[in-house]
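Comments concern the structure below.
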Amino acid sequence: MVATLLVAAPPAEASRTVSEVYPVPATGRLALTGHGFGHGHGMSQYGAQGAALQGLGYSQILAFYYPGTVLGNAAGSMRVLITADTDNDVRVLPAAGLAVRQAGSATSYTVPTNVGATTWRLVRSGANTVVQYANSGWHAWRTLAGDAEFFRSGALTARVGGTTRDYRGVMRLTNDNTVNIVGLDDYVRGVVPREMPTSWHASAVRAQAVAARTYGVFDRNAHTTRYYDTCDTTQCQVYGGIGDEDSRGNAAVDATAGKILRYGGTPAFTQFSSSSGGWLSAGGQPYLVTKSDPYDGHSGNPMHTWTTSLTKGAIQNAYPSLGTLSRVIVTRRNGYGDWYGRVEQLRLDGSKADVTLSGDAFRSKFGLRSNWFRFGSGSTIPAPTTSPTQPAPSQPLSPIMKRWKAIGGASSVVGRQRSAEYSVAGGRAKRFAKGRIFYKAGAGAHEVFGRVLTAYVRRGAATSRLGFPMTRPVRAGNRIKATFEHGTLSVRKKGRLRAVVTWTP
């Protein structure tokens with residue numbers, strides 16, 4: 001018998017048309033007041049601290065921020081891409097018991113201690129990996145077939161980006177990149193202190209440990225064919241290895257050992273942000289819902305309400321087509337909380353042209369803490385053009401979702417949705433099971449997947465010199481290529497992943 005699981009969709013954002021007109025003051029400086037820090041999906045970290053201070057345990061905190069999920073268990077290891085190591089090899093310092101082996105092999109070789117080595121490294125040579133040591137130059141010691149890895153019973157000290165870092169587990173050279181293979185809980189030990197102050201209440205830190213562990217397992221399950229499960233930056237979760245571990249963070253990991261959140265039997269997509277500002281925002285999953293957050297506004301949260309300012313000159317420099325900026329007009333909000341919530345759309349009124357953009361794009365361009373803001377200061381609340389009792393107008397599909405549906409939706413080359421849309425470099429992006437779709441006004445929405453996506457992400461994706469995609473990846477002889485705003489990137493269909501970039505003149 002096959003059971004059918006009926007999953008209720010999360011409530012839609014109650015988008016509300018507003019008309020908030022903010023003339024540029026004679027000083028040329030626009031004041032802003034805002035709430036929260038981050039996208040507001042899932043757990044507010046400051047909110048978790050506030051809830052813990054009110055006596056909630058970690059499981060109660062998680063149940064509030066991820067409603068409908070249940071605690072379960074997970075195990076195994078994590079393959080973490082060490083993004084700062086960009087020299088196409090793996091380097092570690094000599095240590096007692098240091099050994100090397102072919103990836104996946106039970107046969108290992110303890111490296112000698114009598115050769116005066118100051119550093120050991122793995123470097124590719126065709127289909128093989130050469131084990132070398134430094135002693136007045138590099139000397140080959142052994143050649144192994146395929147990928148290879150260093151390991152020992154204690155910590156490995158790796159040379160990464162001009163410095164040294166200690167890691168647990170294994171340091172593997174694969175696809176010309178360094179990947180740290182580490183047990184799931186040991187991975188979380190290196191994440192928690194980078195994502196939340198471990199001096200906070202133990203229940204909040206434990207909630208963070210479960211959220212981080214779940215996020216890692218979700219990422220691992222979403223990339224079963226990739227040579228790494230997750231990365232070590234904010235593109236995934238920040239991970240720093242042993243050097244970033246903390247006794248209080250480790251205690252939280254031990255207290256929640258192996259625990260993750262599941263929804264419908266599968267790991268949840270446990271997004272989190274620094275501060276919700278008092279309202280969570282919908283994140284495209286049944287458990288990433290919009291609702292009031294009573295825990296975020298405690299006295300220890302400086303991100304709950306914030307102020308800043310922008311100059312007319314900065315806005316004009318960012319959008320030269322404007323000419324002289326005369327006013328800013330907020331036209332749509334998500335409908336929840338102060339001022340009717342997060343800015344979804346605004347218009348910059350200039351002497352030469354108007355520029356219409358999303359609240360996320362405006363936030364990203366000027367480094368604002370969130371897209372929940374209003375212009376001005378004081379207690380004046382902008383008046384919306386629609387009454388709170390009026391139904392919210394239906395919203396058209398975003399360009400990304402239009403593209404996804406046009407290419408076949410869940411059955412397309414990028415597969416099912418894996419995240420909410422997020423802002424990036426003046427545009428938008430969204431993760432899918434087998435790829436991503438990027439959108440920027442003027443460039444359009446285009447899917448990137450497979451080996452081209454891997455090479456694109458390594459370079460920084462839309463934040464790189466390449467910019468946004470202008471075409472999807474296509475076959476060109478024995479290579480696959482895609483055109484971007486500032487160049488063409490191509491990779492071979494099989495074998496070693498080496499990207500060739502031709503820049504647009």
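The values are calculated or read from the model by the stated rules, or taken from the named source; none is laboratory data. Since we're looking at a predicted model, the values are computed, not measured. Ideal geometry is used to build each Cβ from the backbone, glycine not excepted, and the neighbour counts take in all protein chains shown. Just so you know, the surface numbers come from the protein's heavy atoms only, side chains and all, with ligands and any DNA or RNA stripped out. Shrake-Rupley method; radii C 1.70, N 1.55, O 1.52, S 1.80 Å.
Couple of notes before you dig in:
- S281 vs. criteria under 22 Å from D338 (Cβ atoms) and open to solvent by less than 20 Å² (accessible area, probe 1.4 Å): yes
- Condition met for A204 (farther than 30 Å from R91 by Cβ and among the small types (G, A, S)): yes
- From G36, G47, residue being at positive phi and at pLDDT 95 or above: G36
- Residues satisfying the stated conditions in region 441-463, i.e. under 24 Å from S358 (Cα atoms), of a type outside the set (A, V, I, L, M, F, W, C) and in contact (Cβ under 8 Å) with a residue 40 or more places away in the chain: G444, H446, E447
- Residue that is most open to solvent (accessible area, probe 1.4 Å), among those in region 295-331 that are aromatic (F, W, Y) and closer than 30 Å to G42 by Cβ: Y295
- Answer residue from region 230-275, given it is of a type in the set (D, E, K, R) and over 13 Å from the mean Cα position of the chain (by Cα) and is most open to solvent (accessible area, probe 1.4 Å) among those: R248
- Inter-residue pairs, beta-carbon under 8 Å, first farther than 15 Å from Q271 by Cβ and without any contact (Cβ under 8 Å) to a residue 40 or more places away in the chain and in region 285-296, second of a type in the set (V, I, T) and part of a strand (DSSP E or B), 6+ apart: none
- Options A314, A282, A251: the member that is small (G, A, S), within 30 Å of A222 (Cβ to Cβ) and modelled with pLDDT of 95 or more: A251
- Filtered residues of region 164-184 (kept if in a strand (DSSP E or B) and either open to solvent by 10 Å² or more (accessible area, probe 1.4 Å) or not hydrophobic (A, V, I, L, M, F, W, C) (or both)): T164, R165, D166, Y167, V170, R172, T174, N177, T178, N180, I181, G183
- In region 176-211, of all residues being charged (D, E, K, R) and under 18 Å from D229 (Cα atoms), the one that is modelled with the lowest pLDDT corresponds to D176.
- The set of residues from region 411-470 being in contact with a His (Cβ under 8 Å, 6 or more places away or on another chain) and either of a type in the set (A, V, I, L, M, F, W, C) or under 20 Å from H223 (Cα atoms) (or both) comprises A420, Y422, I437, F438, L466, F468, M470.
- Taking residues in region 263-276 that are in a strand (DSSP E or B), and partners anywhere that are open to solvent by less than 10 Å² (accessible area, probe 1.4 Å) and charged (D, E, K, R), the pairs with Cβ atoms closer than 6 Å and at least 6 places apart or on different chains are S275/D296.
- Enumerated strands (runs of 3 or more DSSP E) restricted to region 448-501, each holding at least 1 residues that are exposed (fewer than 14 other Cβ atoms within 10 Å of the Cβ) and touching a Lys or Arg at 6+ places or on another chain (Cβ under 7 Å): 474-476
- Matching residues, region 65-115, being over 25 Å from R226 (Cα atoms) and buried (at least 20 other Cβ atoms within 10 Å of the Cβ): Y65, Y66, T69, L98, V111
- The condition (being touching a strand residue (DSSP E or B) at 6+ places or on another chain (Cβ under 8 Å), within 23 Å of T230 (Cα to Cα) and at pLDDT below 90) is satisfied by just one residue among L497, L453: L497.
- The conditions of being touching a residue at least 24 places away in the same chain (Cβ under 8 Å) and either under 21 Å from K493 (Cβ atoms) or assigned to a strand (DSSP E or B) (or both) are not met by A420.
- Matching residues in region 332-360 - criterion: being hydroxyl-bearing (S, T, Y), part of a strand (DSSP E or B) and surrounded by 17 or more Cβ atoms within 10 Å (Cβ to Cβ): S358
- Scanning region 484-505 for residues that are closer than 16 Å to N88 by Cβ and not aliphatic (A, V, I, L, M) yields G495, R496, R498.
- Residue pairs meeting the criteria (Cβ under 7 Å; at least 6 apart or on separate chains; first surrounded by fewer than 16 Cβ atoms within 10 Å (Cβ to Cβ), in region 25-36; second of a type in the set (G, A, S)): G28/G313; R29/S309
- Residues located in region 189-205, provided they are among the aliphatic types (A, V, I, L, M), assigned to a helix (DSSP H, G or I) and crowded, with 23+ Cβ neighbours inside 10 Å: V192, A204, V205
- Scanning region 361-377 finds one or more residues that are at pLDDT below 90 and open to solvent by 60 Å² or more (accessible area, probe 1.4 Å).
- Scanning region 154-163 for residues that are part of a strand (DSSP E or B), more than 23 Å from the chain's Cα centre (by Cα) and not basic (K, R) turns up L156, T157, A158, T163.
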